[in-house]
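Just so it is clear, none of the values below were taken in a lab; they were calculated from the coordinates. Only a predicted model underlies this, so the values are computations on that prediction, with no experimental measurement involved. Positions of Cβ are generated from backbone atoms using ideal geometry, with glycine treated the same way; all protein chains shown enter the neighbour counts.
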Amino acid sequence: GDSVTQMEGPVTLSEEAFLTINCTYTATGYPSLFWYVQYPGEGLQLLLKATKADDKGSNKGFEATYRKETTSFHLEKGSVQVSDSAVYFCALKTNAGKSTFGDGTTLTVKP
Amino acid sequence: NAGVTQTPKFRVLKTGQSMTLLCAQDMNHEYMYWYRQDPGMGLRLIHYSVGEGTTAKGEVPDGYNVSRLKKQNFLLGLESAAPSQTSVYFCASSPWGNQPQHFGDGTRLSIL
């Protein structure tokens, strides 16, 4: 079946540091890939998406590129802020509508 | 603009009791989903629906039932609650195909 593997956390960074959260996937066909963010006590919110190979999703300074050859969708940000502290989920979704999530990576950014 | 609304937000049950969680969306989305979120285990898909009157099993369907009688509503039922079902439950909806999901704020369920 489909699966998503995220780098294990938690991740702790200083403000303005560079962020990378690794995500790899296995799936049949050509899924769409997503990063969602969850703040304490809230539901998940879409951060960015990519629907086909070599697409780059971007939002709020975060970026991720759909790499079919390495089945990866790593999340990056050049300079993190304290307000970026949250849990980040990588996910895939097939055209049939079924969705699979990674286990989440907790990011803490210290001033 | 309500989006996805989950009812109730909190509930405490005793083992063996039954209850129904309600999810309502006002975006005319075709697909709806129920997940549970447990510490260190991410989101696990319980059941989902690709349209009114249809349902399908996800990764962890045992002990749960669902119904999608109306397009805007997706109900999750626990017939005989067990302590292992203590969790945070999230509902989500999306347009058809590979579009992103919209999530509710969750229902925190404790079973004693």
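Return the residues of the stretch A:81-97 that are at the interface with chain B (Cβ under 9 Å from one of its Cβ atoms), touching a strand residue (DSSP E or B) at 6+ places or on another chain (Cβ under 6 Å) and not in a strand (DSSP E or B); say none if nothing qualifies.
Within the stretch A:81-97, just A:GLY97 meets the criteria.
Considering only residues that are surrounded by fewer than 19 Cβ atoms within 10 Å (Cβ to Cβ) and touching a residue at least 12 places away in the same chain (Cβ under 8 Å), look in the stretch B:56-69 and name the one that is nearest to A:THR94 (Cα to Cα).
That would be B:GLU59.
Return yes when A:PHE73 is buried (at least 22 other Cβ atoms within 10 Å of the Cβ), over 19 Å from B:PHE90 (Cβ atoms), touching a Leu at 6+ places or on another chain (Cβ under 7 Å) and more than 7 Å from chain B (Cβ to nearest Cβ) and no when it is not.
The answer is yes for A:PHE73.
Looking at the stretch A:65-87 only, could you name the residues that are within 15 Å of A:PHE18 (Cβ to Cβ) and touching a Ser or Thr at 6+ places or on another chain (Cβ under 8 Å)?
Those that are within 15 Å of A:PHE18 (Cβ to Cβ) and touching a Ser or Thr at 6+ places or on another chain (Cβ under 8 Å): A:HIS74, A:LEU75, A:GLU76.
Checking the conditions here, which among A:THR106, A:THR100, A:THR20 is more than 11 Å from chain B (Cβ to nearest Cβ), part of a strand (DSSP E or B) and among the hydroxyl-bearing types (Ser, Thr, Tyr)?
On inspection, the qualifying residue turns out to be A:THR20.
Taking the residues in the stretch A:43-61 that are farther than 18 Å from A:TYR25 by Cβ and surrounded by 13 or more Cβ atoms within 10 Å (Cβ to Cβ) as candidates, determine which candidate is farthest from the other protein chains (Cβ to nearest Cβ).
A:GLY61
Does the stretch B:77-112 hold any residues that are part of a loop (DSSP other than H, G, I, E, B), buried (at least 18 other Cβ atoms within 10 Å of the Cβ) and within 9 Å of another protein chain (Cβ to nearest Cβ), and which are they?
Once the filter is applied, which keeps residues that are part of a loop (DSSP other than H, G, I, E, B), buried (at least 18 other Cβ atoms within 10 Å of the Cβ) and within 9 Å of another protein chain (Cβ to nearest Cβ), the stretch B:77-112 yields B:ASN98, B:GLN99, B:PRO100, B:GLN101, B:GLY104, B:GLY106.
Take B:MET32 and tell me if it is part of a loop (DSSP other than H, G, I, E, B) and either surrounded by fewer than 15 Cβ atoms within 10 Å (Cβ to Cβ) or in contact with a Lys or Arg (Cβ under 9 Å, 6 or more places away or on another chain) (or both).
no
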